[in-house]
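Everything on this sheet refers to the single structure shown next.
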Amino acid sequence: MVAQISGRIAALRNWGMENMADYKNITAEELHAMLQQGGLRLVDVRTDAEVARGKIPQGDSIPLHLIPLRLHEMDKAAITVFYCQMGGRSAQAAAFAAANGFADVYNLQGGNHGLGAGRSADRMMATQYDVELDVRQLACPLPILRAKKIAGRHGYRQVLKVVATDKGSPNDFIDFCKKTGNELLSSTEGGGEFIFLIRAVRAVSFPLLRE
């Protein structure tokens, strides 16, 4: 079984290098427009550890090494966009899907990292939250304390968007979600700002938060 998986991964890598014309590269701006229109499947091929640090809310997680085993679960006729951290692994996945009969396949150029390069990430997330918390210019621990206060007022499955500038914010909000059991949907950086989307995944929102 291990040998079979290794062979499929090797084949996937070869397709990524040899069949660049079988899929199209798109920018974050183009992905934003496509998400607004709807009707596509967005596949995150990063590792589980990378996904835990934040992801595009609409993305489905299928690590790269599982793509050959799970490709049959996906609709070949659907618009399919693959992305990873920098764009390399998702290019391999896109080429592999195209070689296996997927007609409308795209790769996000620059990956998750590239989303922070401009304002596209902020706009992409703008329609994906219920409440916004602006804690720019506030130093640790004030961003987390403000988040605790506002998060406790909102219910199950609602999404809180936090905009911060404190350099310790990424680690603080990752720890925040781990301790509360809620979900960090995405974490992006651009222009000196950090943007987090956090979704309450329990019936009682943010139950462990206490000042």
>> Checking P63 against (1) over 22 Å from F176 (Cβ atoms); (2) in contact (Cβ under 8 Å) with a residue 24 or more places away in the chain; (3) under 15 Å from the mean Cα position of the chain (by Cα): exactly one of these is not met. Which one?
In response: (2)
>> Which residue is surrounded by the most Cβ atoms within 10 Å (Cβ to Cβ), if the candidates are limited to the range 81-94 and must be outside any helix (DSSP H, G or I) and modelled with pLDDT of 90 or more?
In response: Y83
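Looking at the range 69-80, which of its residues are part of a helix (DSSP H, G or I) and under 14 Å from D44 (Cα atoms)? Spell out how you get there, then give the answer.
Quick first cut of the range 69-80, residues part of a helix (DSSP H, G or I) only: 69-73.
Hits for the range 69-80 are R70, L71.
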> Taking the range 56-91 on its own, how many of its residues are out of contact with any helix residue (DSSP H, G or I) (no Cβ under 9 Å at 6 or more places or on another chain) and of a type outside the set (K, R)?
Replying inline: 6
> Within the range 185-211, restricting attention to residues that are crowded, with 20+ Cβ neighbours inside 10 Å and at pLDDT 80 or above, which residue is farthest from S61 (Cα to Cα)?
Replying inline: F194
> at pLDDT below 95 and either farther than 30 Å from V159 by Cβ or in contact with a Cys (Cβ under 7 Å, 6 or more places away or on another chain) (or both) - does that describe any residue in the range 46-59?
Replying inline: yes
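The values are calculated or read from the model by the stated rules, or taken from the named source; none is laboratory data. Predicted model only: the values in this text are computed from it and were never measured. All Cβ positions, glycine included, derive from the backbone under ideal geometry; neighbour counts span all protein chains shown.
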